[in-house]
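**Q** This is the structure, below, for whatever I ask next.
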Amino acid sequence: MIGIRAAAALLALAVALQWAVPGHLIRRGQQTLEQGTAYRFRTAPVDPVDPFRGRYVALDFEAARVPLPRGQGGYRRGQRVYAPIRVDDDGDAVLGAPLRQPPESGDWLEATVLWVNADELRLRLPFDRYYLDEHHAPEVERRYRDTNRMPADGEDPRRPAWAQVRVRNGYALIEMLYIDGRPVSELMREPAASL
Amino acid sequence: MKVHVRWLLEELPELQRDGVLDADAAQRLRERYRPLLQAAGAGRLLFPLLGTVLIALGIVLLVAHNWDRFDRTLRLTLAFTPLLAGQLACAWTLWRARTSALWREASAAFTVLAFAAALALVGQIYHFPGDLDRYLLTCALVALPLACALDAVLAAALCAAALAGWSWAAPDTGPSGFVVAGLFVPLLALAWHRQRRAPSSLSTVALLGLLAPAFFFAILGSLPNVPRLGLWWLAEFGAILLLLPAPAAAAPWRDPLRSWGGGAVVVAALIGSFPDIWRGWSWYLRPDQLPLGWGLLVLGLALLAVLAWRTWRSGASTAPLWALPALLMALVAATDSRPFAVALALLLSAWVLLTGIALIRSGLRDHDAGRASRGLAMVALLVMLRFVDNEWSFTLRGIAFVLTGVVFVATHLWLRRQVHA
C-alpha cells in the first residue's frame, strides 16, 4: 500500500477532478444558455432509449445536410469542421459551407463530418438529443408523427417542429424543443393521454 | 491457513515484548499477513460490496426517474449529493479505516459510480450529445487516482472496464494502442504491487483476473481493423501472460494470468488451424496505422523473447513453446500467406495436438487430473473443429460429434483413474 501522504494527494486529485469536470461543463452550459444567441433549427425527432441517460428524443436536423459549392471538397469522414450559421428568410438557421478554422465573425458550430459526397456534406452537430420525462417521451414522439405525415406532392414539406438552440463561441446547447409551435415543456404538463 | 495467520498476528505483540522481534519486523509481518486474513473472508467483502453497488444503482434510478418536475438547481444538487457522500466516505476511510478492505472497496466503488451517475445527469440536464467514448474516458480517468489512493480492486476493475469500453466506443480514428496501454500502466502497477505483497489473496486474484481481459480487449479495440493483427495479439498476449514470472498457485482459478494466457494461446492457435484464415485475411494498414501495427509486433516479440529466455533460464524448458503460435503469426503477419495457408494451418494444428498430448503426459506424471483434462480438451477441440472444417453432411457430423464426445468422456475417466492410481 502506498504511503498516507501519497494516498491523500491522489484522493485530493480524484476529488478535484470529480468536481472540476462537471463544474466546467455546467459553467459552460449556463453561460451558453444565458449569453448565447438563439437560433431555430428545424428538426425530425425519433425516440430511442439511451442506456445511460434515460429516455430522450433523438433529433435530426435539416441544417445538418450542407450543400457544397462546386469545387469545395477535400472533406473526410470524422473530420472536425466549423460551420458558420446563417438565418434564412423563414427565420430558420442554416449552415454555410464548413471551414477548417472558426470564422472570424458571426456565430458558428463545431461539427464532425459524418459522410460526404460530390455536392453534399452530412454533419454531426453538437446537439442531437432532448431529454424528456420517460412517460412523456413516447407520447411526444407519437404526436409528432401523427401531425407530421409525409407531405403530398407539391406541398410544402415544412415540419412543425424545431429546436431553439443557444450558441456561444462555437458551443451550442438546446434550450427548448417545440412541436406544433408549442414548447415540449408545456405539452408535458398535459395528461399523457391527451397528448 | 486463516487460523494460522490469526494466531501469528495475535502472537506478534508478545514476540515483540520478549525481544524475539523488533517493532519493524513485527510491522512487516503484519503488512504481509493481514491481507491474507482479510481476503479469507470472501463473503464478508462480497455482500457489502453487492449492497453498495445496488444502493448506488438504486440512487441513480431514483434520481433519474421523473425528475423533470424539479428545477435545474435542485436537479444538480441531487445529482451531486451521492458524489459528495462518497468522497466524504473515501476521506474517512483513508484516515480512519485504511486497513479495512471492506471500507476501501465500498467507498471507492460507490464514489466511482456516483461520479459516473452525476456526469450522466449533468449531460441529461443540459441535453449534451451522446459521446459515449468521452464519457467512459472521463469516468476512467477520474476513477484511476481513486483506485490507487485506496488500493481498491473494484474501483480499479471499473476503471479498466471503462477504458476498454472507451477503446471500443471511440470512432474509427480512435485512440492509439500506445495511449491505451499508457492509461493502463497505473492499474497494472497496482496489480503488480498486490501480486508481490499478497499473491494468494482473493482480491489480488480478482484484480488480475479482471484486469487481464480488460487490457486485452482495450488494446484489441484500439488496433486497426485487421483480423490477422487481432489474432496475433491474442496469441501474443496469452503467451506473455503465461511467461510472466509468478508464484505457483494451488488451483487454476487462483492463477488467473496463466489461466487466461493458456486459454488465449489455445484459442488463437485453434482459430489459426483453419486454412481459410490464412487465405482471406489480408494485412492492409493505412500509412498512419503502420507505426502502431509494426510497433506492437516488434515490441511484443521483443518482450516475448525476453520472457521466454528468462523462463528457459529458470529451468522451465518447455514453457517457451507457448510462444510458438505468436511467433509464427508474427512471421507471416505482413506476407501474402495464401500459397502456404494449408501449411500454416497444419503447423498450428500440430502445435495444439502436441501441446495437448504433452499436457496429458505431464498431468499423468505429476498426478494432476486438471492438467491432464485440459490437454484432453485441447485435443478434443482440435478434432471437433475439423468436423466444422470439412464438407460432411449434418448426419455424419452429428455422429462424429457423438463419437468424439463418448471417446472424450471415456478417456477423461481413464485419465482420472490413472492420475489417482
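**Q** How big is the C-alpha Rg of chain B next to the rule-of-thumb value 2.2 N^0.38 Å, as a ratio? Please list the in-between numbers first.
**A** Numbers: Rg = 25.4 Å, N = 421, 2.2 N^0.38 = 21.9 Å.
That ratio works out to 1.16.
**Q** Related question: On a full-extension model of 0.36 nm per residue, what is the gain between B:Ile55 and B:Leu84, subtracting their alpha-carbon distance, rounded to one decimal in nm?
**A** Working it through step by step, the gained length comes to 8.9 nm.
**Q** I've got another one for you. Under the definition of partner shielding as Cβ atoms of other protein chains within 10 Å of a residue Cβ, what is the mean value for peptide A:21-29?
**A** Values: counts 8, 12, 2, 0, 7, 7, 0, 1, 7.
Partner-chain Cβ atoms within 10 Å, mean over residues of A:21-29: 5.
**Q** Treating the angle as unsigned and between 0 and 90°, give the value, to the nearest 10°, between the Cα long axis of helix B:42-64 and the longest Cα principal axis of chain B.
**A** 70 degrees
**Q** Right, another one. What share of all Cα pairs of the range B:74-222, in percent, falls into each consecutive 10 Å distance bin?
**A** Using 10 Å bins, I get a P(r) of 12, 38, 34, 15, 2 for the range B:74-222.
**Q** Give the Cα extents of the range B:232-379 along the principal axes, in whole Å, largest first.
**A** Result, largest extent first: 51, 28, 25 Å.
**Q** For the interface of chains A and B, what total accessible area is buried with a 1.4 Å probe, rounded to the nearest 100 Å²?
**A** Details: alone 12120 and 22880 Å², together 31230 Å².
Chains A and B together bury approximately 3800 Å².
**Q** Nearest 10 degrees, 0 to 90: what angle lies between the long axis of helix B:341-365 and the longest principal axis of chain B (Cα atoms)?
**A** 70 degrees
**Q** While we're looking at this one, here's another question. With +1 on the Cβ of every Lys and Arg and -1 on the Cβ of every Asp and Glu, and nothing else charged, how large is the dipole of the range B:175-316 about its Cα centre, in debye rounded to the nearest 20?
**A** 360 debye
**Q** Run lengths n ≥ 4 of DSSP H only: what is the helix-derived mean residue ellipticity at 222 nm for chain B, with -39500 (n - 2.57) per run over all residues, to the nearest 500? Write out the running numbers ahead of the final one.
**A** Details: 17 runs with 331 residues, N = 421.
Mean residue ellipticity at 222 nm (helix-derived): -27000 deg cm²/dmol.
**Q** Share of the range B:318-393's accessible area from carbon and sulfur, percent, 1.4 Å?
**A** 71 percent
**Q** Let me ask another. Peptides B:91-101, B:261-271: what's the order by average Cβ count within 10 Å, highest mean first?
**A** B:261-271, B:91-101
**Q** Starting from the Cα of B:Ser393, step 7 Å along the direction of its Cβ; do the same at B:Arg338; then give the gap between the two resulting points in nm.
**A** Between B:Ser393 and B:Arg338, the simple spin-label model gives 3.4 nm.
**Q** Moving on. Radius of gyration and Dmax for the protein assembly as shown's Cα atoms, expressed in Å?
**A** Every Cα atom of the protein assembly as shown included, Rg and Dmax give 29.8, 102 Å.
**Q** Another question about this same structure. Send over a whole-number figure in Å² for the accessible area per residue of chain B, probe 1.4 Å.
**A** Result: 50 Å² of accessible area for each residue.
**Q** Moving on to the next point. Taking only Cα atoms, what is the 0 to 90° angle, nearest 10, from helix B:23-40's long axis to the longest principal axis of chain B?
**A** Between the helix axis and the principal axis of chain B, the angle is about 70 degrees.
**Q** Using +1 on the beta carbon of Lys and Arg, -1 on that of Asp and Glu, and nothing else charged, what's the dipole of the range A:67-137 about the Cα centre, debye to 20?
**A** The calculation lands at about 620 debye.
**Q** Place a +1 charge on the Cβ of each Lys and Arg in the protein assembly as shown and a -1 charge on the Cβ of each Asp and Glu, then give the dipole magnitude about the Cα centre in debye, rounded to the nearest 20.
**A** Around 2080 debye, computed over the protein assembly as shown.
**Q** Taking the Cα atoms of the range B:319-421, what is the range of coordinates along each of the three principal axes, in descending order and whole Å?
**A** For the range B:319-421, the Cα spread along each principal axis is 50, 41, 13 Å.
**Q** Rounded to the nearest 0.05, what FRET efficiency do A:Arg100 and B:Arg72 give with R0 = 41 Å and r taken as the Cβ-Cβ distance? Could you check?
**A** Step by step, r from the Cβ atoms, then E = 0.70.
**Q** For chain B, with a Gaussian network of springs between Cα atoms less than 10 Å apart, report the residue from B:Thr318, B:Thr138, B:Thr52 with the top mean-square fluctuation.
**A** In the Gaussian network model the winner is B:Thr318.
**Q** So for each of B:106-117, B:18-29, B:340-351 I average, over its residues, the number of other beta carbons within 10 Å; can you give me the resulting order with the highest mean first?
**A** In decreasing order of mean packing, B:106-117, B:18-29, B:340-351 become B:106-117, B:340-351, B:18-29.
**Q** Right, something else. Mean separation of Cα pairs under 8 Å and 6+ residues apart, divided by the residue count of chain B: what relative contact order is that in percent?
**A** On the way: 474 pairs, mean separation 43.4, N = 421.
Computed value for chain B: 10 percent relative contact order.
**Q** Residues of the range B:121-139 that become at least 40 Å² less accessible with every protein chain present than in their own chain isolated, using 1.4 Å: which are they?
**A** Hits at the 40 Å² cut-off: B:Gln124, B:Tyr126, B:His127, B:Phe128, B:Pro129, B:Gly130, B:Tyr135.
**Q** Let me ask something additional. Can you list residues from other chains, or at least 5 along the same chain, whose modelled amide H is less than 5 Å from the amide H of A:Glu175?
**A** Amide H neighbours of A:Glu175, under 5 Å, 5+ apart: A:Gln164, A:Val165, A:Arg166.
**Q** Ok, one more. Quick one: compute the contact order of the range B:74-222, relative version, from alpha carbon pairs under 8 angstrom and 6+ residues apart, as a percent. Present the calculation step by step, with values, prior to reporting the outcome.
**A** Details: 171 pairs, mean separation 33.2, N = 149.
Across the range B:74-222, relative contact order equals 22 percent.
The values are calculated or read from the model by the stated rules, or taken from the named source; none is laboratory data. Model, not experiment: these values are computed from the prediction. FYI the Cβ positions are ideal-geometry reconstructions off the backbone, even for glycines, and counts take in every protein chain you see. Ligands, DNA and RNA are excluded from the accessible area calculation, which covers all protein heavy atoms including side chains. Shrake-Rupley method; radii C 1.70, N 1.55, O 1.52, S 1.80 Å.
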